[in-house]
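Nothing in this text is a laboratory measurement; each read-out follows from the coordinates by a stated rule. Values in this document were obtained by computation on a predicted structure and should not be read as measured data. Using ideal geometry, Cβ is built from the backbone for each residue, glycine included, and neighbour counts are taken over all protein chains shown.
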Amino acid sequence: MKLIKQSLSMLCLLALTTTAFAQTHEVLMKNRGAGGPMVYEPDYLAIQPGDTVKFIRKHKSHNAASIAELSPAGYPGFVGKIDEEIEVKYDKPGFYGIKCTPHYAQGMVMLIKVGDATLPDSYRTFKAPGIADKRFQDIYTRIEKQ
Ligand SMILES: [Cu+2]
């Protein structure tokens, strides 16, 4: 009986520590922000494996979707519905590009770094449509300096 009690309290402690370390990060979907029109704020996040990113609808007509070319190999990806405040959990280290489907070419993109990862060269050479390419290149330059 004593052993069961001890095991139970160990389990509770384990559960507490896990939830204490896993965080939820909020990203706003906006028509306009500090970075110009059609933005996610922030446009870059460095998170830990097990963390969740929640996309908040600050303005209407936006979504969040993964970008196949800017995802680790084997990543199944996701597509949020328009105006959906989707929550995405990230378990595998790597870099994940995010786009707003209707405003991709208008540069509504962001980048998420999960855990320890090095930006693959293929991300740099990938040409995203319209303004998205410049915004990604700007993010790469910014994170290189960190
Ligand atoms: Cu949008």
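Some points to look at:
- Exactly one residue among I112, I86, I98 is more than 16 Å from the ligand (Cβ to nearest atom) and out of contact with any Cys (no Cβ under 8 Å at 6 or more places or on another chain), and that residue is I112.
- Condition check for G115: touching a Leu at 6+ places or on another chain (Cβ under 9 Å), surrounded by 15 or more Cβ atoms within 10 Å (Cβ to Cβ) and either farther than 24 Å from F21 by Cα or in contact (Cβ under 8 Å) with a residue 24 or more places away in the chain (or both): no
- Any hit, segment 95-105, residues being closer than 22 Å to P129 by Cα, surrounded by 14 or more Cβ atoms within 10 Å (Cβ to Cβ), among the small types (G, A, S) and touching a residue at least 24 places away in the same chain (Cβ under 8 Å): yes
- Cβ-Cβ under 9 Å pairs, at least 6 apart or on other chains, segment 121-146 side at negative phi, far side exposed (fewer than 14 other Cβ atoms within 10 Å of the Cβ) and part of a loop (DSSP other than H, G, I, E, B): D133/K127
- Taking the criterion of being in contact (Cβ under 8 Å) with a residue 60 or more places away in the chain and more than 19 Å from D133 (Cα to Cα), the residues of segment 36-66 that qualify are A46, I47, Q48, P49, D51.
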